[in-house]
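Colleague: One structure coming up, written as structure tokens, with questions to follow.
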């Protein structure tokens, strides 16, 4: 069995690379890595050299997407407030009993922006109060 230690890279199709770049760099704060002009791709560092997001311009039709960023315990509520302050709709927080983790979901208000739904997860610290709700994801 291969031991997976995490996700190194995820490729995300985007309708307009310049708009997606502005969101991921200016709103989410991802760091520039490499621009591939021949394929119209942009590599962004997510969490330093530990992993990356590859934005791939694709004008075709594709289904909505979802992925999650891990952030520190202290930053979840602050991240939600910052996203809302930048015009990004935030839903949650939700408590995921099976992980356990708490999350907020963020997406652009206008679905036509085609920016994937982004989730920021935070794992509770040891001794944190756990939800007594059903095992499905519940609002906390």
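Colleague: Using only alpha carbon pairs under 8 Å that are at least six residues apart, calculate the relative contact order of the stretch 1-62 and give it in whole percent.
Modeller: 40 percent
Colleague: Still on this model: For the pair residue 77 and residue 4, how long in nm is the line joining their label points, each one 7 Å along Cα→Cβ?
Modeller: 3.3 nm
Colleague: Based on the alpha carbons, how large is the Rg to Rh ratio for the stretch 1-62 when Rh follows Kirkwood?
Modeller: Ratio of gyration radius to Kirkwood radius for the stretch 1-62: 1.02.
Colleague: Mind running the shape call on the stretch 38-110? Use the C-alpha gyration tensor, a ≥ b ≥ c as the square roots of the eigenvalues: rounded below 1.5 for a/c, prolate if a/b tops b/c, oblate otherwise.
Modeller: prolate
Colleague: If you don't mind, another one. Post the alpha-carbon centroid distance, the stretch 22-39 to the stretch 74-93, in whole angstrom.
Modeller: The stretch 22-39 and the stretch 74-93 have Cα centres spaced 21 Å from each other.
Every read-out reported here was derived from the displayed coordinates using simple, explicitly stated rules and does not represent laboratory data. Here the structure is a predicted model, which is why all the values come from computation and not from measurement. In this analysis, Cβ positions are derived from the backbone assuming ideal geometry, glycine residues included, and neighbour counts consider all displayed protein chains.
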